[in-house]
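K.L.:
Have a look at this one.
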Amino acid sequence: MYKSEPGSVIEFDLYHAESLLPLSDDAIITHLLQTYLAPALPRGLEQAKTLTVQDSSVLRVRNAVTRFSPGSHLLLPDIVTSIPNVFVAGDCVKQGPGAHGCK
């Protein structure tokens, strides 16, 4: 489907990020790319600084809390999808033994 499309889709979901709330959207995006994505890249920060963001959305929700009910983890989707090379991550997926979230 999108296999031939260049680029990647990346989502950051942060908790306890009050210090980021007053920053501009661009400043938050730069901070996330350089702080969290750079360590995962082969050339680190040098490579992160060359990335181009095609589209972005920054949502700010003060005092937001994710609450799960007992047993709700049984209803969550798996990390692997039926679409090749598409994976799901976050609190709202089955993460396996020892994972935190909605267990």
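The values are calculated or read from the model by the stated rules, or taken from the named source; none is laboratory data. This structure is a prediction, so every number in the text was calculated from the model and none was measured. As a convention, Cβ positions derive from the backbone with ideal geometry for all residues, glycine included, and neighbour counts pool all protein chains shown. Side chains are part of the model used for accessible areas, which takes the heavy atoms of the whole protein and leaves out ligands, DNA and RNA. Shrake-Rupley method; radii C 1.70, N 1.55, O 1.52, S 1.80 Å.
K.L.:
Counting only residues that are open to solvent by 70 Å² or more (accessible area, probe 1.4 Å) and among the hydroxyl-bearing types (Ser, Thr, Tyr), which one in the range 13-25 is farthest from Ala89 (Cα to Cα)?
P.N.:
Out of the qualifying residues, it is Ser19.
Yes or no, residue by residue, for (1) closer than 21 Å to Pro6 by Cα; (2) open to solvent by 70 Å² or more (accessible area, probe 1.4 Å); (3) without any contact (Cβ under 8 Å) to a residue 60 or more places away in the chain:
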residue	(1), (2), (3)
Ala27	no, no, yes
Thr30	yes, no, yes
Gly44	yes, no, yes
Asp55	yes, yes, yes
Arg62	no, yes, yes
Leu74	no, yes, yes
Asp78	no, yes, yes
Pro84	yes, yes, no
Cys92	no, yes, yes
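K.L.:
Scan the range 39-59 residue by residue and report those that are in a helix (DSSP H, G or I) and either touching a Lys or Arg at 6+ places or on another chain (Cβ under 7 Å) or under 18 Å from Ala89 (Cβ atoms) (or both).
P.N.:
Pro39, Ala40
K.L.:
Let me ask you something else. Does the range 73-95 hold any residues that are at pLDDT below 75 and over 27 Å from Ser8 (Cβ atoms), and which are they?
P.N.:
His73
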